[in-house]
Amino acid sequence: MSALPLIIDTDTGSDDAVALLLAAAGGLGDIRAVTTVAGNVPLATGTRNALFSLQVAGRVDIPVHPGCERPMTRPLSTAQQVHGQDGMGDIGLPDPLRPAEERHAVEVLLSSPRGHPGELTLVTLGPLTNLAAALVRDRDLLTRYRHVYCMAGAADLSGNITATAEFNAWADPEAARVVLESATPDKVTWIGWDVSRRDAVMTPADQSRLERLGTPMATFAHRVNRTLADWARDVTGLAGYDLPDPVAMAVALRPELITEQERAHVDIALGDETRGQLIIDRRRSAPPPNLTLVRRVNEAGFKDLLFTTCAGIRQSRHDVREHQ
């Protein structure tokens with residue numbers, strides 16, 4: 001089977017970079033364009049990181065389009081305390097070989113599915129600002145994509161930026177609400193921080209395994225996440241660092257990795273005390289579901305995809321199904 005046609009929207013920090021490797025180098029994804037948004041780092045920095053990550057994957061041909069520089073209604077708050085000032089562990093990466101495109105990300109999100117209706121899968125790895133801005137202009141945009149996967153929120157209400165909120169949802173909750181208001185569970189799937197915290201923690205043994213692979217992609221993936229590892233140890237208390245964006249990408253590339261999911265009506269809190277917290281209505285009297293929420297994935301399957309890709313081994317979607 002052919003690779004999955006993708007549009008990827010990212011605020012490229014260190015875990016986004018690994019997600020781009022999975023899509024660009026693993027053989028399962030066919031990236032038509034990457035769009036960037038401010039989030040983990042300012043827009044120009046995230047755009048630079050996306051270009052460099054694709055270069056590491058050997059895909060300098062993929063166009064990268066910068067998008068929104070700040071959330072819809074709020075000032076920009078970054079996660080540079082997590083990913084480093086440059087978003088990539090502050091390891092002194094050189095400038096990428098290729099410049100970004102001039103065409104705005106929102107235009108790309110709007111126009112791409114019109115030329116390929118029902119064909120493209122959209123994966124968002126950062127705040128939902130670009131997608132929300134596109135939805136303001138085309139309320140039916142989500143229906144034009146084959147499916148939309150978003151790394152956003154925490155369905156168990158255990159947060160990483162606040163006590164109850166995940167960073168992408170917290171960074172631009174108004175944008176998240178715009179997406180939720182247009183979403184349907186057959187078209188939109190959210191993969192929250194709770195999933196990576198349970199099923200995608202890179203333990204010290206996993207980190208050593210990644211480092212020992214010795215390939216350019218493995219070395220890159222290991223080095224850029226060093227500040228994330230420190231932050232996870234000091235703030236979230238995980239036995240290693242988690243990889244939320246690669247998990248979301250893995251789910252898009254291999255939906256069979258999902259082991260638990262639910263359909264629910266989801267809203268998002270905008271007030272200061274609970275900003276970015278998901279409001280999941282599971283009552284019998286709840287409005288109809290608007291999202292599919294992934295709750296668990298196959299940890300061994302995810303890590304196999306990660307290590308295989310970083311080792312430089314390409315897969316096909318046919319090969320994946322053959323080994324199920």
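The values are calculated or read from the model by the stated rules, or taken from the named source; none is laboratory data. Values in this document were obtained by computation on a predicted structure and should not be read as measured data. Neighbour counts run over all protein chains shown; Cβ positions are idealised from the backbone, glycine included.
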Inset, instruction - Take L122 and decide whether it is within 20 Å of the chain's Cα centre (by Cα), part of a helix (DSSP H, G or I) and within 21 Å of D30 (Cβ to Cβ). - result: no
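Considering V201, V195, V179, which residue is within 16 Å of the chain's Cα centre (by Cα) and surrounded by fewer than 22 Cβ atoms within 10 Å (Cβ to Cβ)?
V201
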Inset, instruction - Could you please tell me which pairs satisfy a Cβ distance under 7 Å, a separation of 6+ or placement on different chains, a first residue in the range 126-153 that is farther than 17 Å from A38 by Cβ and in contact (Cβ under 8 Å) with a residue 12 or more places away in the chain, and a second residue that is part of a helix (DSSP H, G or I) and charged (D, E, K, R)? - result: R144/R114
Inset, instruction - Assess whether L157 counts as being under 25 Å from L22 (Cβ atoms), among the aliphatic types (A, V, I, L, M) and touching a residue at least 60 places away in the same chain (Cβ under 8 Å). - result: no
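State whether one or more residues within the range 303-312 are under 22 Å from the mean Cα position of the chain (by Cα), modelled with pLDDT under 90 and over 25 Å from A169 (Cβ atoms). Spell out how you get there, then give the answer.
Step one: of the range 303-312, the residues under 22 Å from the mean Cα position of the chain (by Cα) are 303-312.
Next, only the ones that are modelled with pLDDT under 90 stay: none.
No; the residues of the range 303-312 include none that is under 22 Å from the mean Cα position of the chain (by Cα), modelled with pLDDT under 90 and over 25 Å from A169 (Cβ atoms).
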Legend entry - Residues satisfying the stated conditions in the range 212-237, i.e. modelled with pLDDT of 95 or more and surrounded by fewer than 19 Cβ atoms within 10 Å (Cβ to Cβ): R212, L213, G214, T215, P216, T219, R223
Inset, instruction - Considering (1) at pLDDT 95 or above; (2) touching a helix residue (DSSP H, G or I) at 6+ places or on another chain (Cβ under 9 Å), say which one R317 fails and leave the rest. - result: (1)
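Among the residues of the range 227-256, which ones are among the charged types (D, E, K, R), more than 14 Å from T189 (Cβ to Cβ) and in contact with a helix residue (DSSP H, G or I) (Cβ under 7 Å, 6 or more places away or on another chain)? Let's see the steps before the verdict.
Step one: filter the range 227-256 for residues among the charged types (D, E, K, R), giving 230, 233-234, 242, 245, 254, 256.
Filter once more, keeping what is more than 14 Å from T189 (Cβ to Cβ): 230, 233-234, 242, 245.
Passing the criteria: D242, D245.
Being exposed (fewer than 15 other Cβ atoms within 10 Å of the Cβ) and either of a type in the set (S, T, N, Q) or touching a residue at least 12 places away in the same chain (Cβ under 8 Å) (or both) narrows it down to one residue among E119, E166; which is it? Talk me through it step by step, then tell me what you get.
Working: E166 fails: exposed (fewer than 15 other Cβ atoms within 10 Å of the Cβ).
After applying the criteria, what remains is E119.
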Legend entry - Tally, over the range 133-190, of residues that are under 24 Å from L76 (Cβ atoms), aromatic (F, W, Y) and assigned to a loop (DSSP other than H, G, I, E, B): 0
Legend entry - Identity of the residue in the range 238-252, among the aliphatic types (A, V, I, L, M) and over 13 Å from V18 (Cβ atoms), that ends up surrounded by the fewest Cβ atoms within 10 Å (Cβ to Cβ): A239
